[in-house]
Amino acid sequence: MANVITLLRLPLLALIVALLYQPSAGLRFLAGGLIVLLILMDTLDGVVARALHQESLIGSVLDIAADRAVELVLWVVFADLNRIPVLVPLVVVTRGVFVDALRSVAPARGMTPFGLMRSRLGRFLVKSPWLRTPYGVTKAAAFCLLALYHGLALSATPGSGAAVVGLAAQVATWSAFALCLVRGLPVLIEGTRTLIETGAPGQQQA
């Protein structure tokens, strides 16, 4: 059941993208509401998995993949709609590719993905809920506010309300962008160093 909820996020994401491209403020506002549902489903699948004792490796993999798909698709779409600079998805995609590549090697070295981080600061930046939670919240706020502003932009006489929403959307976007870099750079720097020090797969760690 939990995996079904996870996989249902993908067709919902496709629907949201389709609604965002519609020339109707109402449909764009609906997309914003569905983004909230999309985000809540990410929490729901974990709750269901724990409640029904359905936690599994494939479930965690699907959850991570769905999260990544939602994040990257929405950043790209909002850039294509000219609501954010294309720099945002370009950096987020590049960061994600390199971070995921490094983390995928960790199990072959007998480490967990978070095990790549050796320093206290690195573990705090990458693993601590004090940064993971704000990152998730700012991303969610950015996506919802961007969708709302995208709908308000169709108004014939955009007022101060639209300007305020637009400003809030940009603040949330760049806050999420900054946190993305803050949490990714330690993996690229410290994770690379850790993999070099552990040697080739199959070798014993010192």
Q | Gain on full stretching of the segment that runs from Lys127 to Leu44 - 0.36 nm per residue minus C-alpha separation | A | 27.8 nm
Q | Arg183, Arg83, Arg132 arranged by Cβ crowding within 10 Å, fewest neighbours leading | A | Arg132, Arg183, Arg83
Q | log10 of Debye I(q)/I(0), alpha-carbon scatterers only, for the stretch 2-198 at 0.08, 0.11, 0.18 Å⁻¹ | A | -0.30, -0.56, -1.28
Q) Measuring from centroid to centroid over Cα atoms, what is the spacing of the stretch 131-184 and the stretch 30-44 in Å? A) 15
Q) Using the 10 angstrom Cβ neighbour count as an exposure proxy, how do Glu71, Glu197 rank, fewest first? A) Glu197, Glu71
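All of the numbers you see were taken from the coordinates with simple rules; none came from a lab. Keep in mind that this is a model prediction, so the values were computed, not measured. Cβ atoms come from the backbone with ideal geometry, glycine included; neighbour counts cover every protein chain shown.
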